[in-house]
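For reference, the structure discussed in these notes is given below.
All of the numbers you see were taken from the coordinates with simple rules; none came from a lab. Quantities reported herein were computed from a predicted structural model and do not represent experimental measurements. For neighbour counting, all protein chains shown are included, and Cβ atoms are generated from backbone atoms with ideal geometry for every residue, glycine included.
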Amino acid sequence: MLEDQLDRAFPDLAEIRDKRLRGLVGELWRSVSERNPVHTDIERIPTHPLFPIERHGSLANHIRGQMAVSKTLVPTYMREWRIELSLDHFLATAAIHDAAKVIEFVEQDGKLVATPGFDHALVAGRLARDLGFPPEIAHMVAVHTYVGPMRLPRSRAAQLFQYLDPLCLPVFPEHGKSSVERHLEANHWSVAAPPDDVP
């Protein structure tokens, strides 16, 4: 099961001081693993079936990136603006925010595909709520993505975490559509190229 791979895949989980919260991370991953046993190696799950791991990294890379950035972001906000954020909450949210993709990505005709209409953020947010995560974490998870219906964050932590999602996804314009353009198109928002005179 994937929950047995968490400590190896995400060593920053050890920095979560709240032992109960660390345990809940494992419970959530156990829950999604039981719903779709096709995924057996956490390092082989893509961020999306359309994004080859060789170019864009795996879901585990994405999560580790968010954890690393969180470890810089949280103390920076305290040092520069005296805004207190919970590193425990950011690390736990990073660990679980995309876990429902384990349910979403299924095998079809021998290939991994995303289930149409599946809202991984909302599903993971509800799982977090139902398992007893702090409400702030469930909210951070539920509103973290720009794909699908845009959900506005209700807290500074949720807003900042929402920015981490595209930041930690190496999908750049040099390789086709950027992560920003893909998010805009997924929501049917207009996309315009910069004017010709902009460098």
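What the Cα convex hull of region 2-186 gives, in volume per residue, is 120 Å³. In terms of Cα to Cα distance under 20 Å, which lysines are near enough to K111, apart from those fewer than 8 places away along the same chain? Result set, ordered by chain and number: K101. Only helices reaching 18 angstrom along their own axis (Cα) with mean Kyte-Doolittle hydropathy no lower than 1.6 count here, and not one DSSP H run of the chain does. When every Cα-Cα distance of region 73-164 is counted in 5 angstrom steps from zero, the calculated P(r) takes the values 3, 15, 23, 21, 15, 11, 7, 3, 2, 1, 0 percent.
Suppose only helical runs count, i.e. DSSP H with n ≥ 4. What mean residue ellipticity at 222 nm does that imply for the chain under -39500 (n - 2.57) per run, divided by all residues and rounded to the nearest 500 deg cm²/dmol? It would help to have the intermediate numbers written out before the result.
On the way: 10 runs with 102 residues, N = 199.
Estimated from H runs of four or more residues: -15000 deg cm²/dmol.
Here the simple spin-label model places points 7 Å from the Cα toward Cβ, and for E43 and N187 these points are separated by 3.5 nm. Each 10 Å bin, from zero up to the one with the longest distance, holds this percent of the alpha carbon pairs of region 1-83: 16, 40, 31, 12, 1. Each peptide in 124-136, 6-18 was scored by the mean count of other Cβ atoms within 10 Å over its residues; highest first, the order is 124-136, 6-18.
Packing, as the average of other Cβ atoms within 10 Å across residues, places the peptides 74-86, 41-53, 169-181 in the order 41-53, 169-181, 74-86, highest first.
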